[in-house]
1. Could you please tell me which pairs satisfy a Cβ distance under 9 Å, a separation of 6+ or placement on different chains, a first residue in segment 149-164 that is over 18 Å from LEU112 (Cα atoms), and a second residue that is in a loop (DSSP other than H, G, I, E, B) and not β-branched (Val, Ile, Thr)?
2. Within segment 273-293, work out how many residues are of a type in the set (Val, Ile, Thr) and modelled with pLDDT under 95.
3. Quick one: would you say ASP165 is surrounded by fewer than 20 Cβ atoms within 10 Å (Cβ to Cβ) and modelled with pLDDT of 95 or more?
4. Filter segment 91-136 down to the residues that are more than 21 Å from PHE181 (Cβ to Cβ) and either in contact with a His (Cβ under 7 Å, 6 or more places away or on another chain) or acidic (Asp, Glu) (or both) and list them by number.
5. What pairs come up if the first residue lies in segment 218-232 and is over 14 Å from VAL259 (Cα atoms) and without any contact (Cβ under 8 Å) to a residue 12 or more places away in the chain, the second is of a type outside the set (Ser, Thr, Tyr) and not in a strand (DSSP E or B), and their beta carbons are under 9 Å apart, counting only those six or more places apart or on different chains?
6. Return yes or no: is ASP283 outside any strand (DSSP E or B) and either acidic (Asp, Glu) or in contact with a strand residue (DSSP E or B) (Cβ under 6 Å, 6 or more places away or on another chain) (or both)?
7. Which of the residues that make up segment 259-272 are of a type outside the set (S, T, N, Q) and either at pLDDT 95 or above or in a strand (DSSP E or B) (or both)?
8. Please give the number of the condition ALA229 fails out of (1) in contact with a Gly (Cβ under 7 Å, 6 or more places away or on another chain); (2) among the small types (Gly, Ala, Ser); (3) surrounded by 19 or more Cβ atoms within 10 Å (Cβ to Cβ).
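The values are calculated or read from the model by the stated rules, or taken from the named source; none is laboratory data. Not measured: the values here are computed from a predicted model. Every residue, glycine among them, receives a Cβ derived from its backbone with ideal geometry; neighbour counts consider all protein chains shown.
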Amino acid sequence: MDACMRACGIALFMSSPGIAHATDAIAQGTAECRPHEQQASNKKGNAADCAPKPSVDADRGSDGTEPVEMTVGSPPMQSDDTGTPGPGNWEVNLGIYGDVTGGTRLVNLPSLDINYGYGDAVQFSYTLPVVFTDQAQPDGGGTARNADGWKLGESEAGIKYRFYDDKETGLAFAIYPQVRFRTPGVDRAIPDGSTVLVLPLLTTWEFAHVSMTVNAGIEASAGDRFTFASAGIGTRLTDRVAVMAEVVGENLNAKDDKVVLFDIGIRQKITDRQSVSAALGRDLDVGGDRQEHAYFAIAWQMLFGR
């Protein structure tokens with residue numbers, strides 16, 4: 001029954017008007033760009049028309065301003081995109097992120113994510129969550145709730161570098177090395193004290209009506225090496241609303257710890273410098289005797305600077 005519900009949910013999303021429109025746009029663009037249909041005398045003009053559209057920076061909404069960002073990225077999704085705030089700009093994300101399984105709830109409330117743009121292709125980032133845990137524990141009279149309270153979680157610092165960005169095709173690549181570590185002075189009850197190095201390769205490919213994101217990399221800590229990967233697609237419903245979906249795989253090289261999950265998200269533009277977003281997700285496949293988890297995210301993004 002759970003498998004059926006998940007399959008139905010994915011099918012409903014992929015059949016939504018926005019996704020259907022985006023899929024039709026790609027198919028139409030591909031048909032128009034077949035080389036054997038181009039005339040030699042007009043080859044240059046056709047090549048320009050047939051190239052995938054660049055990122056939304058080149059597009060304008062009906063009100064003359066930039067439309068909402070449709071690329072799958074954090075927040076609210078788990079995949080990262082290749083975008084950066086731009087030279088001298090700050091991007092601040094305030095979020096609530098939840099992980100629920102059985103009788104346990106782990107909530108980042110809030111999570112502070114600060115990003116600074118250095119040049120056009122570099123981003124410095126720092127993330128610090130405030131973590132609340134609530135776990136059901138059996139006692140002599142049945143099951144009781146045990147709230148662990150509020151504590152600072154693990155810090156995460158990283159540098160994103162977009163080393164390839166083709167404005168004509170909309171294809172971009174970036175690396176985003178990050179270090180996750182115990183926040184100095186914080187009780188070890190929530191952070192486990194180990195330092196984790198995250199090394200992902202990020203890819204985005206943006207068309208006029210759809211954007212695709214792919215991540216792949218490794219996490220390394222204390223002799224352990226785990227691989228991860230994700231793929232997502234996003235599209236705009238209007239100039240101010242975008243919808244996104246992704247499939248994420250974690251610990252893919254560890255049979256007993258493997259997790260594959262599905263997320264669906266929405267992003268709403270408020271102003272040119274503010275947006276809100278939300279996502280819901282659930283495990284599709286877990287390894288060993290792990291329980292399935294459900295996930296949620298709510299985020300407010302603000303841009304400052306030039």
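1. Note: pairs meeting the criteria are TYR161/ALA121; TYR161/TYR176; TYR161/PRO177; ARG162/GLY83; ARG162/ASP120; ARG162/ALA121; PHE163/ALA121.
2. Here is the first cut: in segment 273-293, the residues of a type in the set (Val, Ile, Thr) are 276, 286.
Remaining after also requiring modelled with pLDDT under 95: 286.
Count: 1.
3. Working: surrounded by fewer than 20 Cβ atoms within 10 Å (Cβ to Cβ): yes; modelled with pLDDT of 95 or more: yes.
Judged against the criteria, ASP165 is a match.
4. Those that are more than 21 Å from PHE181 (Cβ to Cβ) and either in contact with a His (Cβ under 7 Å, 6 or more places away or on another chain) or acidic (Asp, Glu) (or both): GLU91, VAL100, THR101, ASP120, ASP134.
5. Pairs that qualify, where the first residue is over 14 Å from VAL259 (Cα atoms) and without any contact (Cβ under 8 Å) to a residue 12 or more places away in the chain and the partner is of a type outside the set (Ser, Thr, Tyr) and not in a strand (DSSP E or B), are ASP224/ALA254.
6. Values: outside any strand (DSSP E or B): no; either acidic (Asp, Glu) or in contact with a strand residue (DSSP E or B) (Cβ under 6 Å, 6 or more places away or on another chain) (or both): yes.
So ASP283 fails the test.
7. The first filter runs over segment 259-272 and keeps only residues of a type outside the set (S, T, N, Q), leaving 259-267, 269-270, 272.
Residues satisfying the conditions are VAL259, VAL260, LEU261, PHE262, ASP263, ILE264, GLY265, ILE266, ARG267, LYS269, ILE270.
8. So ALA229 meets the others, but not (3).
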